[in-house]
Each structure stands twice: as structure tokens, then as C-alpha cells.
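The values are calculated or read from the model by the stated rules, or taken from the named source; none is laboratory data. Please read all numbers here as calculations on a predicted model, not as lab measurements. Cβ sites come from the backbone with ideal geometry, for glycine too, and all protein chains shown count toward neighbours. Side chains are part of the model used for accessible areas, which takes the heavy atoms of the whole protein and leaves out ligands, DNA and RNA. Shrake-Rupley method; radii C 1.70, N 1.55, O 1.52, S 1.80 Å.
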Amino acid sequence: MNPFTFTQASDVDAALARLAMPGVRPIAGGTNLLDLMKEGVMQPGELVDINGLGLDQVEEADGGGLRLGALARNADTAYHPLVRERYPLLSAAILAGASPQLRNMATNGGNLLQRTRCYYFYDVGTPCNKREPGSGCPAKDGLNRLHAILGTSEHCIATHPSDMCVALRALDAVVHVRSQNGERQIPFADFHRLPGEHPELDTTLEPGELLTHITLPEAVRFAGHSTYLKVRERLSYAFALVSVAAALDLEGGKDGKIRAARIALGGVAHKPWRVEEAEASLEGKTPGLEAFGAAADIVLRGARGYGQNDYKLTLARNAIEQALSTAARGTRYASGEQRGERT
């Protein structure tokens, strides 16, 4: 790890002044950034501690939604009464990620900004277009078991690792950022980037911008029929091979027709993957494998494997069908049980 300067920001304006300088990065939980620094993947010249900025609240937002502070810890967000009651999909997704120790340390903002776990990205002895643009993407013909099947480019086939972000994409979250030039809002669909010609750019954040909070629109209609399905190689502390955030709004309960649907995938692309056309195809349909399979085919249109990850083509389709079927039966977390907890 290269030498760096460590400072603490006294307020948001002070933090923004430092972040406007080249080579300066914010740090809160540090659960991903410190790993990247230890491996030599990222080498900031200065870290600015932003934990004292007061951006750690989870509270009511206008219109019945929620405001999630960027510095609220993942665990505090998942277990917050309003999140559990109104957004069980988000709570379940957060609790499916990492370990309890990491969830206690990691922040909401940091979760959005975590970087891919591609082997080649982490190994500074190998080429990687995300780390060194123009050096190549050995994953395309190499070790790609965990890699993307959607939205890839000739320059990168890495996946985004977050569970939380998959649920936020399904729930139409909005990311709020601030810089010395002012504030702006970024729809979650536009926050993360596909690799395209510039795989080194993970998000649409501009230099010097600080993520302050995330807002969620009202989503009570989905609370009773949602699920987060995560398929992984082991049950504990593993990234998703494929994950699905699914939510349904049903007429008159579980036997009613579908009024609206939400489907977002993780583990398959450089960003959480959602195809609104697939959701629209379910409207007015009776819940069942025929309708769910047709929607899955739309979600996965254009998907391709790279050898070792070909299995994801079938796995993703099956996972979508299973997640939607589970959501149709009802949200287990809404009844107060998750991972053996008792209310």
C-alpha cells in the first residue's frame, strides 16, 4: 500500500473542498476501498473521513417514501422498522449480502460505490481494462465463471457485486449527490454504467461529487408480495452467481391478476439489470410459470455466455421464475420472520 494522507472532514462543505482536489477519496466504512488499496488496485493520495457529516439517518420522505442517509450502516438500514414494513425487498437484499460484521460497518453510499470482484481487476499483475484502460480483458477467454451475460462489451465482462443495489433498482430509487457546484438527483437506472468503451467508469458521478442520500418512492403495494432470491456457491459470505429482486402488485391477494411487477437481476451485468418491457408483459396476467417464463425470456433477450459462465443463461431464467413464484405466494419477511428471527 502506498503512503497516503488521512484527514477528517468537520462538515459537508469541508469534505467537498477536499474532494475537489485530485487524488482525494472519501472513506466511511472502508470495507471495499481498503481492500483495493491493500492490493494496489486503487492508490489515493488522501483519504477524507466523512463519518462525522451527519448523513446517517433513515427517515420519512415526501409522498410516503423513505430517505436513506448515505452514511447509514447497511445493518441499521435493513433492520429499520420503516424499511422492514414498507420495503421488505430491500431489507432482504441487504441481509443476503456479506457478513454481519461487514453489514455493521459498510454504509449505504459505499455499497453503491463498491467495485467488481473480477479476478483480473484485483490482480495487478494481469491486464484489465477497468484498472488500466486499453490493456485488455483476459476474462473473456479466461476465468469467467462469475462474469456477465448481459450488457457486456469487448472491453469488459465484469459484474457489479451489490445485493442492495439490485433491490434499489427494482424500487426506482433516486441517488442524491452534492458538490461545490450544487446538488443533483440521479435516477438509479442512470447511476451505474455499462462498460461500453469506458469500463474504468463504474458510475455517472462527476469528480468532486459526494453521495448524500438515497430516496425511495412509496411502494406499499409491493410490500406483501416480494422476494430477494440469491443463488450462490455457498450460503455464507458469497457474491451472487445470479440474484433476483422480484415484487408483484396483485388484485385481491395471491390468487388475483398482476397489476404491476418489478424484476431486477444481479450477478449478470456491470450494473443491476432491469427490463421494464418484461414487467409490462405481466400486467393483467394470472401468476404462473407460463407468464413468468415469458417475462424471463424478455429480461434475458440478447444474453450470451463466455464459456465457463454459460450456465448462467439457464440459471438466470430459472431464478426469475422461482423468484416471481415466491413473490406471488407472499412476502415471508412481511410476516416478521427472516433468517430465523422472531418479532
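The figures follow:
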item	result
Cα long-axis angle, helix 311-329 against the chain (0 to 90 degrees, to the nearest 10)	60
Rg to Rh quotient for the range 207-343, alpha carbon positions, Kirkwood Rh	1.00
Partner lysines for Lys285 [C-alpha distance under 20 Å; skip if fewer than 8 residues away on the same chain]	Lys254, Lys257
Ordering of 296-307, 266-277 by packing [mean C-beta count within 10 Å, highest first]	266-277, 296-307
Principal axis dimensions, largest first and in whole angstrom, of the range 108-240 by Cα	45, 42, 23
Alpha-carbon Debye profile of the range 103-150, log10 I(q)/I(0) at 0.13, 0.15, 0.33 Å⁻¹	-0.39, -0.50, -1.24
Cα long-axis angle, helix 289-299 against the chain (0 to 90 degrees, to the nearest 10)	30
Spatially proximal lysines relative to Lys130 (Cα-Cα < 17 Å; intrachain offsets below 8 disregarded)	Lys140, Lys271
Residue among Arg234, Arg193, Arg178 with the largest mean-square fluctuation in a Gaussian network model of the chain, springs linking Cα atoms under 10 Å	Arg234
The range 23-79: radius of gyration over Cα atoms, expressed as a fraction of 2.2 N^0.38 Å	1.41
Radius of gyration and Dmax over the Cα atoms of the range 183-262, both given in Å	17.4, 50
Area of Thr286 that stays accessible when all protein chains are in place (1.4 Å probe, Å², to 10)	80
³J(HN,Hα) computed for each position of the range 191-201 - Karplus, 6.51 cos²θ - 1.76 cosθ + 1.60, integer Hz, glycine/proline x	6, 8, 9, 7, x, x, 8, 10, x, 6, 9
Per residue convex hull volume, Cα atoms of the range 1-130, in Å³	135
Size of electric dipole in the range 67-194: Cβ of Lys, Arg +1 and of Asp, Glu -1, about Cα centre, debye, nearest 20	200
Per-residue SASA entry for Met1, accessible area with 1.4 Å probe, Å² rounded to 10	120
Bins of 10 Å from zero: percent of alpha-carbon pairs in the range 228-293	21, 43, 26, 10
Debye intensity ratio in log₁₀ form over the Cα atoms of the range 67-146, taken at each q of 0.12, 0.13, 0.14, 0.16 Å⁻¹	-0.50, -0.56, -0.62, -0.71
Kirkwood Rh and Cα Rg combined as Rg/Rh, the range 265-326	0.97
Cα convex hull of the chain - mean projected area over all directions, nm²	16.8
By accessible area with a 1.4 Å probe, ligands and nucleic acids excluded, highest first: order of Glu200, Glu290, Glu218	Glu290, Glu218, Glu200
